[in-house]
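Worksheet: the structure to be examined is printed underneath.
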Amino acid sequence: MSRELWVLKLGGGAVTRKAENLREARDDVIRDAARQIARARRERELALVVVHGAGPFGHALVADYGIAGGVRDQREIEGFVRTHNSMEDLNKIVMDLFREEGLLGFPVQPSACVIQRARRIETFFTEPLERLLALDPAIIPILYGDMVVDLDQGASVVSGDALVAHLARRLGAARVLLGTDVGGVFSADPRRDPGARRIERIDGGNLEQVLAAAGASAAVDVTRGMRGKLEQLHDTLAGVPVLIFDLTERDSLYRALTDQPVAGTEILL
């Protein structure tokens, strides 16, 4: 693969009605993200892997069926299947909007290539994805948070953040972009506390302090919100620069993809 590879997360809070716990996609945000990707790729050579979050398409069902801790009885098995089906519905929306904007999105189903043990990725068969990128870097593999087989718990949630971190390390990504519904990591929830200040940079020197202050999402989120995001990055990524930014801010994704300044939090662990 000759082009530099970046991994992009389209956060569930940005691309769905997660704050209202509504199982609805924000088509306008997804379409705008696709347009910004297309614009950026006309200006620079860049291979891209995209992972989108779940929002209520996944989190609400996991909570309703009580399957965050695994799958045992018949009702939980139903929840496992229904949650996966729901995530395929959201992925279809993302795929359609990317296609309408001229992008070659290619769906990669995590439940078909990931096996977990105790809610952690144990096996991730990435060769088909790597061959897609080698075939033509214009192809954009698109993955998503999903329910997958778990060797200890029957089945479990694999979060989009876990997929991002694993893929970035496995594929040797040059950069990770996490597009959320807030402009980075803050000292408090900026939607509730007007005095919240953005943390411009997180590294080994202040990570523990930031983790202590980071809260979970106010909406239903079985992957533990911003704290879960930071812990996943800490556990899996080392040396790969990460930017957490507001995907809904005008042209923020385009600027990030073209190395222009973007308000957000830079992370290097």
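Within the stretch 246-269, the set of residues being part of a strand (DSSP E or B) and crowded, with 22+ Cβ neighbours inside 10 Å comprises Gly264, Thr265, Ile267. Looking at (1) surrounded by 21 or more Cβ atoms within 10 Å (Cβ to Cβ); (2) not in a helix (DSSP H, G or I), which is the one condition that is false for Ala168? Unmet condition: (2).
Picking from Gly205, Gly195, which residue would you name as being at pLDDT below 80, surrounded by fewer than 14 Cβ atoms within 10 Å (Cβ to Cβ) and over 19 Å from the mean Cα position of the chain (by Cα)? One residue alone meets the criteria, Gly205. If you filter the stretch 28-73 down to residues that are more than 17 Å from Ser159 (Cα to Cα) and part of a loop (DSSP other than H, G, I, E, B), you find that the one that is farthest from the chain's Cα centre (by Cα) is Asp73. Taken over the stretch 97-118, the residue count meeting the criterion of being over 17 Å from Met87 (Cα atoms) and crowded, with 19+ Cβ neighbours inside 10 Å is 2. Quick one: would you say Pro128 is outside any strand (DSSP E or B), closer than 17 Å to Leu171 by Cβ and in contact (Cβ under 8 Å) with a residue 60 or more places away in the chain? Considered against the rule, which asks whether it is outside any strand (DSSP E or B), closer than 17 Å to Leu171 by Cβ and in contact (Cβ under 8 Å) with a residue 60 or more places away in the chain, Pro128 comes out as no.
The values are calculated or read from the model by the stated rules, or taken from the named source; none is laboratory data. Because the structure is predicted, anything quoted here is derived from the model rather than measured. Methodologically, a virtual Cβ is constructed for each residue, glycine included, from the backbone with ideal geometry; neighbour enumeration extends over all protein chains shown.
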